[in-house]
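Enquirer: Mind having a look at this structure? Questions to follow.
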Amino acid sequence: MSSIHQKKTFGDHLTTLKKGWWILCILAILFAGAGYAVSTYVIPPTYEATAYILVVPQQDAEATTATTTLVSTYQDILRSPEVIDQVAQKMDVTDKRIFDLTDRLTVSSNLDSQVIALSITDRSAEQAAIQANTMTEVFQDYLPQLIKTSSTEVFSTARIPTKPVSPNILMNTAIGGILGLLFGLLIVYSRALGKKSVAEETKEPAYPQAVSRPSRS
């Protein structure tokens, strides 16, 4: 492909986009507005509260039990149905089936860290903090029954979050704007191809003129 043909093709693209710029702008604004409206008024906000637990191994247990192993063990205990059931009982939840804490619970820790982060998400910011703090209390009461070689301390209690973690209004608005641009490009190029096809069909074919031959006398 020659450079002249490439420049011509690029120029055709620019011409097509210039003719349909208003379609791109309208659709981008409409889709971005839809993403903003859905994120703000349709999708309910979700809040996340996090409590931090410090694992404190005893001196005589350091030789046999690594701190990282204890942290991993405590993470499994926090996710156990026994702990979750005790949290529901302490919060006076009668129907444990609706207390879907397992799907809203996240337990994590950094590598070689003695701090466990316990995060709970909920539609209510206050309930998220209450559930996280209740779980730390239940965990501290339940742990000595299982492991006596170490102890835990609440490094930081969960505070009531002020901002939701989802939906991400800015990201959803941007995604809506991008989808609007893509849909607009599809319409603009479809219109351009349609006009080109109509112009080629209505164009009269050029037939060569018949050469008249002199008649023989």
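Enquirer: Ranked from highest to lowest mean number of other Cβ atoms within 10 Å per residue, what is the order of the peptides 121-131, 71-81? Each step should come with its number before you reach the end.
Expert: Numbers: 121-131: 18.1, 71-81: 16.1.
Ranking the peptides 121-131, 71-81 by packing returns 121-131, 71-81.
Enquirer: Which order, highest average first, do 172-181, 151-160 follow once you tally other Cβ atoms within 10 Å for each residue and take the mean per peptide? Please list the in-between numbers first.
Expert: Numbers: 172-181: 18.0, 151-160: 15.2.
So the order, starting with the most tightly packed, is 172-181, 151-160.
Enquirer: Where only protein heavy atoms count, and the probe is 1.4 Å, what is the accessible area per residue for the range 96-159 in Å²? Could you put the intermediate results ahead of the total?
Expert: Details: 3700 Å² over 64 residues.
I get 58 Å² per residue for the range 96-159.
The values are calculated or read from the model by the stated rules, or taken from the named source; none is laboratory data. Computed from a predicted model, the values in this text were never measured in an experiment. No Cβ is skipped: glycine too gets one built from the backbone with ideal geometry, and neighbour counts run over all protein chains shown. Side chains are part of the model used for accessible areas, which takes the heavy atoms of the whole protein and leaves out ligands, DNA and RNA. Shrake-Rupley method; radii C 1.70, N 1.55, O 1.52, S 1.80 Å.
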